[in-house]
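The values are calculated or read from the model by the stated rules, or taken from the named source; none is laboratory data. Just so it is clear, the structure is predicted and the values come from calculations on it, not from any experiment. When we count neighbours, we look across all protein chains shown, and the Cβ atoms used for this are built from the backbone with ideal geometry, even at glycine. The protein model used for the area step is the full one, side chains on, heavy atoms only, and it has no ligands, DNA or RNA in it. Shrake-Rupley method; radii C 1.70, N 1.55, O 1.52, S 1.80 Å.
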Amino acid sequence: MAAVEKRRPAVAPAASFTDSGRPAVSRTAAPADSEEDFLRQVGVTEMLRAALLKVLEARPEEPIAFLAHYFENMGLRSPANGGAGEPPGQLLLQQQRLGRALWHLRLAHHSQRTAFNNNVSVAYECLSASGRKKKPGLDGRTYSELLKRICRDGEAPEEVVAPLLHKIQCRDHEAVPLDVFRAGMLTCFVLLEFVARASALYRLLEDPALAVADRRVGQAVLDTLEGALQASDGAPVPARYLEAGSRLGPDSLALAMDRALVARRPSSPMTREEFLEKAAALFIAKVKPVA
Amino acid sequence: MLSPERLALPDYEYLAQRHVLTYMEDAVCQLLENKEDISQYGIARFFTEYFNSVCQGTHILFREFSFIQATPHNRASFLRAFWRCFRTVGKNGDLLTMREYHCLLQLLCPDFPLELTQKAARIVLMDDAMDCLMSFSDFLFAFQIQFYYSEFLESVAAIYQDLLAGKNPNTVIVPTSSSGQHRQRPALGEASTLEGVEASLFYQCLENLCDRHKYSCPPPALVKEVLSNVQRLTFYGFLVALSKHHGINQALGALPDKGDLMHDPAMDEELERL
């Protein structure tokens, strides 16, 4: 963007490389008021405030790239080129809606519960908006498609997530209420993270030369994990985590692995897919099916 | 995976780390300059293009110097742009003078200060012969150090002067980066018997400096490497060593290794299309 001849407010550089002390903007010719009025009139002030709040809520690793995507999506929401030309087909609208909903869902990590729930609500609204041939509300089929997309983008193998989808999917023409939607989204994202960590765990267990893990060790890990997940099912929350944590601690888990190796049973390989499927199954067993 | 520290920072610090406010303010200034051309819905598109160009590093082209040096990312982007635009200068083995390199810099930044180009040239030439010819790669890597680490180098110069004057490092008050302007440039051969300063002592002082300026220093471990190879060194000897160090270049991330300087397949492809 060439700025050579144009009059422009000079921005004094920061003394060191931090934004400490906002740079003073000195105006040369036009009064500051008219520019501020202009900005407010066209909605820039509000737009940037909303964008900044979103950045602070999501705390992305790359805020500048985040802002680029944010404004790109905003541009998609407004009528393209002032509404001239054919309105996009039903399928395209559906894809756009899914894309937008996905974008909202990914803004905050599921552990940032408040932010995540806000985004889930926005995504739900986005999918429930009525179209030309569409009644308002979220139908089971769109919900299922969204779940599949999330799992696919999360790089979890299909066999691993299929049992989950069976449990939480709704029938195609069923209406999906917000709380079911929210629970489903949360479960999905948590499962994806769980699978990712299980995958990392498997990488620790696998023999680099053979790219498989010893079945005895893999099974010992899975059994310990299962035990930890089932431990003190009825106990109050803090005790439950402590119990599970202690089962997975070195003295417990390492011992289990040791015992497996010295046992007389013959060794056979366990592939990554099998390990992930079994690990995911432990998680999915705890998921309540949709009524 | 998200890094937890980022989530725990107070809002202002998080924003400051990536200079988010700098870019937002600049985006608004740019918008105001072009406001006649923008419609209601064009604003979102304008901001999209602006932030995309920041990500790609093209946002610094033809901008004023105060903006180009405002953030580390801007400086790195400018270095990269300079390399990509003018790497062919080096292809034929051409040597240019400091003034000629300055003209090239001014093509990309009309108000680029001559002083900075001069300082960069001094690193290559090690004396005041400003008319000497320099190769593209020599100039480029010296320029990178001078431009990217300007403030750091000013502080280093002050420290060097103090050490030359025989001041005990324990009593030296490490100067802030703005005070470097009043110092004289260390003239070579000023020390009585030995030239330069003792490397390990020098490193101790620099280590303190790096601790304070976390974002605008070369990685301390690499500085240590540079200083561990010698017993004594001069100020410009130090700068030359910095500019030739592969690790520091890689850590900066703007320019390729010296051997790959002529190699830019993406740009070649684009030029083919023309």
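A compact table of results
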quantity	calculated
Hey, A:Leu127 of a type outside the set (Phe, Trp, Tyr) and closer than 19 Å to A:Ala175 by Cβ or not	yes
Residues being within 17 Å of A:Ser121 (Cβ to Cβ) and among the charged types (D, E, K, R) - total across region A:145-204	2
Helices (runs of 4 or more DSSP H) enclosed by region B:203-274 - at least 1 residues per element that are open to solvent by less than 20 Å² (accessible area, probe 1.4 Å), more than 14 Å from chain A (Cβ to nearest Cβ) and among the aromatic types (Phe, Trp, Tyr)	B:235-244
Some residue of region B:218-235 being under 27 Å from B:Gln69 (Cα atoms) and at pLDDT below 80	no
Only listed residue being modelled with pLDDT under 80 and either open to solvent by 40 Å² or more (accessible area, probe 1.4 Å) or away from chain B (no Cβ under 14 Å) (or both), chosen from A:Lys167, A:Lys148, A:Lys134	A:Lys134
Region A:214-247: number of residues that are at negative phi, at pLDDT below 75 and not in a helix (DSSP H, G or I)	5
Criterion violated by B:Leu31 - all others in (1) under 30 Å from B:Thr117 (Cβ atoms); (2) open to solvent by less than 10 Å² (accessible area, probe 1.4 Å); (3) at the interface with chain A (Cβ under 7 Å from one of its Cβ atoms) satisfied	(1)
Options A:Leu91, A:Leu76: the member that is under 30 Å from A:Leu191 (Cα atoms), open to solvent by 60 Å² or more (accessible area, probe 1.4 Å) and at pLDDT below 70	A:Leu91
Qualifying positions in region B:1-43 - among the small types (Gly, Ala, Ser) and either modelled with pLDDT of 85 or more or out of contact with any Asp or Glu (no Cβ under 9 Å at 6 or more places or on another chain) (or both)	B:Ala8, B:Ala16, B:Ala27, B:Ser39, B:Gly42
Pairs with Cβ under 6 Å, 6+ apart, first in region A:33-54 and more than 7 Å from chain B (Cβ to nearest Cβ), second of a type in the set (Phe, Trp, Tyr) and surrounded by 11 or more Cβ atoms within 10 Å (Cβ to Cβ)	A:Ala51/A:Tyr70
Subset of region B:53-105 [within 14 Å of chain A (Cβ to nearest Cβ), on the phi < 0 side of the Ramachandran plot and assigned to a loop (DSSP other than H, G, I, E, B)]	B:Thr58, B:His59, B:Ile60, B:Leu61, B:Arg63, B:Glu64, B:Gln69, B:Ala70, B:Thr71
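Residues are listed down the side, and each one gets a yes or a no for (1) outside any helix (DSSP H, G or I); (2) not assigned by TED's automatic domain parsing to the domain that holds A:Arg59:
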{"residue": "A:Leu98", "(1), (2)": "no, no"}
{"residue": "A:Ser111", "(1), (2)": "yes, no"}
{"residue": "A:Val122", "(1), (2)": "no, no"}
{"residue": "A:Leu146", "(1), (2)": "no, yes"}
{"residue": "A:Cys151", "(1), (2)": "no, yes"}
{"residue": "A:Ala162", "(1), (2)": "no, yes"}
{"residue": "A:Asp172", "(1), (2)": "yes, yes"}
